[in-house]
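K.L.:
One structure is given below, represented as structure tokens, and several questions about it will come after.
Quick note: the coordinates plus some simple rules give every number you see, no bench work behind them. No experiment lies behind these values; they were computed from the predicted model shown. Glycine also receives a Cβ, built like all others from the backbone with ideal geometry; neighbour counts cover every protein chain displayed.
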Amino acid sequence: DNLFSIHKSKSAMECPKCHFTNPSDSTFCSKCGMQISLSGEISPSPTETLQVPIKKLAPGSTFAGRYHIFEELGKGGMGKVYKALDKEIEEKVALKLLNPEIAADSRTIERFRNELKTARQISHKNVCRMYHFGKDEGAYYITMEYVRGEDLKSMIRMMGRLSPGQAVSIARQVCEGLTEAHCMGVIHRD
């Protein structure tokens, strides 16, 4: 997931499902999407989470009356990402449809709104631009810059082990983007 968030606390919470260490203000695990219990509350069981229908967008369909879906690009703990055409401006975008169990928490939705405001201020060639946060038919979504190409995992599968020079080049680009975000007080939590 390529969302940024404002770092508010140095203490951490461990996810009960995958044991990933999350910031203390997290409502959901940034790795697997599981709700993290707060103040002794009991997190929903995986069975309860699966009862929420997950919207799937088929290629050729239109979402929110505006986005023509081409294909699913990937999925993670926060939701699914699709390549889409924004018919209003005739431009390709990445559309992230948030998982319903994440979108059900009003504090999480408010956090996403705040993160989008901050992330939209970041302008760097190595940072994906954020465009819009919205809701349609009960589903929350985010639109962002569509960046053509392969993700790192796919690239490694195709090419095999990276040479030290290739790894340093990729890491340098990531660090340059993160530096720009850090200068604005934003920490990437994925």
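K.L.:
Can you give me the C-alpha center-to-center distance between region 107-131 and region 140-190, rounded to a whole angstrom?
P.N.:
A separation of 16 Å, based on Cα centres.
K.L.:
Filter Lys117/Lys153; Lys17/Lys92; Lys87/Lys153; Lys17/Lys153 down to the pairs with a C-alpha to C-alpha distance above 27 Å, please.
P.N.:
Lys117/Lys153; Lys17/Lys92; Lys87/Lys153, as the Cα separations exceed 27 Å there.
K.L.:
Provide Rg over Rh for region 139-182; use the alpha carbon set for both Rg and the Kirkwood Rh (inverse mean inverse pair distance).
P.N.:
The Rg/Rh ratio comes out at 1.09.
K.L.:
Here's another thing I want to ask about it. Which cross-chain or sequence-distant (5 or more) residues have an amide H under 5 Å from the amide H of Lys80, H modelled 1.01 Å from N in plane?
P.N.:
Residues meeting the criterion, in which the H sits 1.01 Å from N, are Leu97, Asn99.
K.L.:
Taking the Cα centre of region 61-190 as origin, sum charge times position over the Cβ atoms of Lys and Arg (+1) and Asp and Glu (-1), and report the length of that vector in debye to the nearest 20.
P.N.:
Computed about the Cα centre, the dipole is about 300 debye.
K.L.:
A further question on this structure: Students often forget the sequence filter, so: which aspartates and glutamates lie under 18 Å Cα-Cα from Lys31 once same-chain residues fewer than 8 apart are removed?
P.N.:
Asp1, Glu14, Glu101, Asp105, Glu115, Asp151, Asp190
K.L.:
Could I ask something else about it? Along the positive direction of the dipole of region 118-187 (beta-carbon charges: Lys, Arg +1; Asp, Glu -1; about the Cα centre), which of Cys175, Leu162, Tyr140 reaches farthest?
P.N.:
The residue sitting farthest along the positive end of the dipole is Leu162.
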